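*Asks:* Please see the structure below; I have some questions.
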């Protein structure tokens, strides 16, 4: 019963964080298909919003093979992304600083912002809790 309550609490926090992230994002959601994979490689600039509040400026580099690296202040995280159910799914495989601890994953919507693309989503860290992020790159 305690595990079910904890899981429900995590789901609720992530849903609320998703609503907050969605309200802050501008643009039109584009449901991503495997044919859209070529839109993702490149350098994305933006912010990561930890549970403690405030934003941390971050850079995400996505390679054509779907691997990525995110750097934010003194921390970094690397992993692999995939397209699933119309969204971009992130699974971290390693990191530095506090991002080296625990499992981290996330899901983002691809946003068409006229002159740029946006990746807006939520993530969860087993150590640090839920977080939001908003990245952009020119078209």
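*Asks:* For region 110-139, enumerate the residues that are part of a strand (DSSP E or B), out of contact with any helix residue (DSSP H, G or I) (no Cβ under 8 Å at 6 or more places or on another chain) and either touching a residue at least 60 places away in the same chain (Cβ under 8 Å) or farther than 20 Å from residue 51 by Cα (or both).
*Replies:* 111, 112, 116, 118, 119, 135, 136, 137, 138
Residue-by-condition table, conditions (1) at pLDDT below 85; (2) more than 24 Å from residue 115 (Cα to Cα):
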| site | (1), (2) |
| --- | --- |
| 28 | no, no |
| 38 | no, no |
| 43 | no, no |
| 52 | yes, yes |
| 63 | no, no |
| 69 | no, no |
| 79 | no, yes |
| 86 | no, no |
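*Asks:* Quick test of your reading of the structure: residue 85 fulfils all but one of (1) under 15 Å from residue 108 (Cα atoms); (2) loosely packed, with under 13 Cβ neighbours inside 10 Å; (3) in contact (Cβ under 8 Å) with a residue 40 or more places away in the chain. Name the failing condition by number.
*Replies:* It fails just one condition, (3).
*Asks:* With the checklist (1) touching a residue at least 24 places away in the same chain (Cβ under 8 Å); (2) touching a strand residue (DSSP E or B) at 6+ places or on another chain (Cβ under 7 Å); (3) buried (at least 18 other Cβ atoms within 10 Å of the Cβ) in hand, flag the one item residue 95 doesn't pass.
*Replies:* (1)
*Asks:* Does residue 79 meet the test of being free of Cβ contacts under 8 Å to residues at least 40 places away in the same chain, touching a strand residue (DSSP E or B) at 6+ places or on another chain (Cβ under 8 Å), surrounded by 17 or more Cβ atoms within 10 Å (Cβ to Cβ) and assigned to a strand (DSSP E or B)?
*Replies:* For residue 79, the condition - free of Cβ contacts under 8 Å to residues at least 40 places away in the same chain, touching a strand residue (DSSP E or B) at 6+ places or on another chain (Cβ under 8 Å), surrounded by 17 or more Cβ atoms within 10 Å (Cβ to Cβ) and assigned to a strand (DSSP E or B) - is met.
*Asks:* Right, next: Just to check your reading of the model, which residue among 26, 35 is surrounded by fewer than 16 Cβ atoms within 10 Å (Cβ to Cβ), without any contact (Cβ under 8 Å) to a residue 60 or more places away in the chain and not in a strand (DSSP E or B)?
*Replies:* 35 is the lone residue from the list that is surrounded by fewer than 16 Cβ atoms within 10 Å (Cβ to Cβ), without any contact (Cβ under 8 Å) to a residue 60 or more places away in the chain and not in a strand (DSSP E or B).
The values are calculated or read from the model by the stated rules, or taken from the named source; none is laboratory data. Given the structure is predicted, the values throughout are model-derived calculations rather than measurements. Please note: Cβ atoms are built from the backbone with ideal geometry, for glycine as well, and neighbour counts cover all protein chains shown.
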